[in-house]
Every structure is written in C-alpha cells, then in structure tokens.
1. Around Trp393, which amide H atoms from residues at least 5 apart in sequence, or from another chain, sit under 5 Å from its own amide H, with H modelled in the peptide plane?
2. Would you mind checking the pairs Lys349/Lys390; Lys282/Lys398; Lys349/Lys389; Lys174/Lys205 and listing those with alpha carbons more than 25 angstrom apart?
3. Can you bin every Cα-Cα distance in segment 266-403 into 10 Å intervals starting at zero and give me the percent of pairs per bin, rounded to whole numbers?
4. Stick to Cα atoms and the Kirkwood definition of Rh, then tell me Rg/Rh for segment 81-160.
5. I'd like the projected area of segment 117-167, averaged over all directions, using the convex hull of its alpha carbons. Report it in nm² with one decimal.
6. Got the relative contact order for segment 88-163 handy, in percent, Cα pairs under 8 Å and 6 or more residues apart?
7. Which sequence of Asp208, Asp307 reflects their accessible areas, 1.4 Å probe, from the largest down?
8. In whole Hz and in residue order, list the ³J(HN,Hα) couplings for segment 276-288 that follow from phi through the Karplus curve 6.51 cos²θ - 1.76 cosθ + 1.60, θ = phi - 60°; x for Gly and Pro.
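The values are calculated or read from the model by the stated rules, or taken from the named source; none is laboratory data. Since the structure is predicted, the reported quantities are computational estimates derived from the model, not experimental observations. Because the Cβ atoms are built from the backbone with ideal geometry, glycine has one as well, and the counts that use them run over all protein chains shown. We work out accessible area using only protein heavy atoms, side chains counted, and drop any ligands, DNA or RNA first. Shrake-Rupley method; radii C 1.70, N 1.55, O 1.52, S 1.80 Å.
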Amino acid sequence: AGQGSMGCGSSSNNPPVVPTEQKKGSVMAPTDSSNKPVPPAASAPAPAPAPASASAPSSYSDQEIAQAIASAGKTCAMTALEDPSINKGMAFTKEHRKMLCLQGLLPPTSFPLETEAQRALMQLNNCPSPLDKYIYLMGLQDRNETLFYRLVVDHVTDIMPLIYTPTVGEACQKYGHIFQRPRGMYISIEDMGSVKSILANWPSKKVDVVVITDGERILGLGDLGTYGMGIPVGKLNLYTACGGINPDRCLPITVDVGTNTQTLIDDPYYTGLKQPRVRGEKYMQFMEEVLIGLHEHFPGVLIQFEDFGNTTAFELLEKYRNRICTFNDDIQGTASVTLAGLLSATRMKGTKLKDELFLFSGAGEAGTGIADLIVEELVAEGMPKDEAKKRCWLGDSKGLFVP
C-alpha cells in the first residue's frame with residue numbers, strides 16, 4: 001500500500017486474520033497530553049513542524065512537509081518518498097504532488113487514506129503465515145509510517161499478535177534471515193569510549209522513551225544477541241498505537257556484548273558480534289557509558305530495560321533506579337500488572353492479600369519481581385517483612401527453594 005508497496009502472495013487456505021472492512025473505534029488514536037493527535041516529526045537533522053499521526057493524516061500541511069523536507073537537505077521528491085514519517089504514497093494530493101515535485105513519480109490517481117488502508121489490509125490478509133504478515137507490516141512501516149499506524153490503530157486487537165508476541169518470537173529467531181532495513185540503534189562493546197558520539201548520530205534530537213536490550217533472555221527463547229532487536233521495536237510500536245507516544249520520540253536500542261549461543265555464531269546471517277558475551281566489570285562499565293550517555297543526551301528520557309538476563313537485570317535496576325528515569329519491564333512491569341490482578345481477585349473473594357499464600361513456578365526475573373512487590377504490598381498493609389516473605393514460595397524444575 002502506498003508508494004512502492006507489495007503484497008505477500010495468496011493462499012486459498014489462509015483465512016483473513018483481520019476483517020477487510022475497517023473497524024470503528026478499536027482503540028483511541030494517538031494523542032499527546034493536550035489530547036491533540038500526536039505528530040510523528042520528520043527524521044531530519046534540524047527540528048521542523050511534525051506531520052500528523054496515523055489518526056489524522058489530513059492535518060499534514062503543505063508548509064509542514066516543505067519545512068521538514070528543506071531541513072533534511074534533499075530534493076523534495078526524494079525526501080517525500082523516502083522518509084517514512086513524511087511519505088504518504090498514493091495518498092499525496094494533487095496539490096502536494098505539484099508542490100513536492102512528485103508529478104510523474106506516482107501514478108496519477110490520488111487515494112484517500114481509508115482506501116490505502118483497505119488495500120494494505122487486503123495485502124496483509126494475502127500473506128500466508130504470521131511471519132510473512134510480520135515481514136509485510138515491518139516493510140510497510142519502513143515505507144509509510146502514517147499508513148502503518150493507521151492500520152495498527154484500526155485493527156489493534158488482530159495486529160498486536162503479529163507485531164509483538166507471539167509472532168515476534170519467531171521473527172527474532174530469524175531476524176538476520178528476514179532483515180531488510182535497520183531500525184533503532186545498535187551499540188556494541190567495540191564502541192566503548194565513543195558512545196556519546198554514536199548517540200549524536202540519531203536523527204531525532206528529542207527522545208521520550210528508550211527500550212533497550214542486550215538480547216540475553218529474549219521472551220522464553222534465551223540468548224538471541226542482536227536478533228533480539230525485534231523486541232524493543234515491537235514494544236515501542238505498541239506504545240505508539242496503544243499509548244499515543246509520538247513514534248519520532250521512541251528509540252529502540254540493542255547493546256551488543258556478544259552471544260553465548262553457538263548456533264548464532266555459526267549463522268552466516270547473524271547481525272552481531274561473533275564472540276562470547278562480555279561479563280563482569282567491563283560489561284558494567286560499558287552499560288554505565290550507554291545509560292548515562294542516554295540520560296545526558298536526551299534529558300528526561302525514560303529508559304526501559306527489556307529482556308536482560310538474570311545475571312545482570314537485577315544489578316542494573318538496583319544500580320540505576322535512583323540515578324536515572326528507568327524501570328525494568330520484566331521485573332517491575334510484570335509485577336505491577338500481576339499485583340493489580342491479585343488485589344482485584346481478593347476483592348472478588350472478599351479476602352485480603354495477607355490471607356493468601358503464593359507459589360511461583362519459576363524463579364526468574366518475572367517471578368522474583370512479583371514476589372518482591374507482593375512483599376512490599378504486604379508490608380505496606382502492616383505485615384512485618386519477615387512474615388511477608390514467608391507468604392511467597394518459589395520453585396523451579398528442580399523443586400522448591402528453601403532458606
């Protein structure tokens with residue numbers, strides 16, 4: 001859909017994942033704190049008025065597009081068609097095409113965004129597998145960000161499993177094999193000492209949210225190294241579609257310190273360093289440079305840790321939680337949602353949290369984080385901490401953990 005779009009082929013045995021008619025009111029359109037549509041700014045070196053979000057593409061103005069293009073230092077036509085935050089594909093009006101020197105570079109008919117979205121939906125439904133659908137959607141995002149978010153926002157319930165779990169797991173396992181265009185930033189241990197200058201290469205000068213991973217514990221799949229980039233990318237796509245965060249102010253980052261997965265080292269298409277993981281003091285020094293660099297380069301940025309291994313996740317959280325704006329999604333995010341569910345369940349039962357015992361199947365980041373937050377809540381309700389700890393029992397495949 002849009003300029004340069006392609007379908008995935010078709011399969012007579014492949015029913016549509018999402019309906020071909022546009023859903024109404026599936027999710028609130030992205031908005032900012034003033035309840036105005038979030039404008040994804042052009043990825044240009046100099047600041048410029050931002051084009052409209054997926055929810056209000058008609059608010060693109062000629063002046064906004066022209067200023068964004070001028071700041072990029074490219075010819076009108078090349079920038080308008082190559083920059084996904086500006087490109088509107090076949091939805092460029094005749095007036096836009098004339099102003100941006102696009103006449104002759106697009107077929108003559110101009111389509112409303114609604115028609116472009118229907119075309120994109122048809123092409124998505126022709127993709128024969130969830131992974132093919134993921135590849136199609138990522139390609140659409142690389143070409144036409146407005147159309148991508150229009151499609152996601154209108155069909156968020158159906159498309160969420162395609163751009164995040166469960167499909168993103170398979171995409172991460174095959175990331176180098178399906179790789180088309182880089183997204184986000186990659187910072188490797190070989191960049192140690194020059195992280196500050198590397199961060200300056202990011203074209204957007206204002207970033208509100210960073211989702212960062214070192215790829216050591218991707219979902220339940222283990223150490224995927226740089227193949228884990230699909231997780232920060234997918235998580236931030238959902239923050240835009242469901243939370244209304246400006247996509248131009250979202251930054252996915254993978255830090256590459258190597259991988260201990262031999263199949264990746266042997267993979268001819270692996271995108272990261274083919275070496276064992278760096279551990280210990282050097283790792284922590286590198287992360288210090290990265291995290292403090294982000295904190296200083298993007299003042300006020302929220303840094304979210306995502307899918308770090310047990311050996312580093314808790315240490316990084318404790319070291320930085322009171323120094324910078326940060327949280328660990330696997331430890332704290334999962335725990336907060338789980339505790340909320342437990343509190344709701346006790347209200348329905350007519351009991352109190354202190355009346356319950358909690359048994360955890362697994363003692364990883366999520367399980368341990370949930371147990372810690374339950375203990376905090378019990379203490380806040382007046383229970384002594386030692387007694388609160390006795391209400392939480394953790395086990396793994398080898399049995400129960402005991403003091």
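1. Amide H neighbours of Trp393: Phe358, Leu359, Phe360.
2. Among Lys349/Lys390; Lys282/Lys398; Lys349/Lys389; Lys174/Lys205, the Cα-Cα distance tops 25 Å for Lys282/Lys398; Lys174/Lys205.
3. 10, 31, 30, 20, 8, 1
4. Radius of gyration relative to Kirkwood radius: 1.00.
5. So the Cα hull casts an average projection of 3.0 nm².
6. 29 percent
7. Asp208, Asp307
8. Residue by residue, segment 276-288 yields x, 4, 7, 10, x, 4, 5, 4, 5, 5, 5, 5, 4 Hz.
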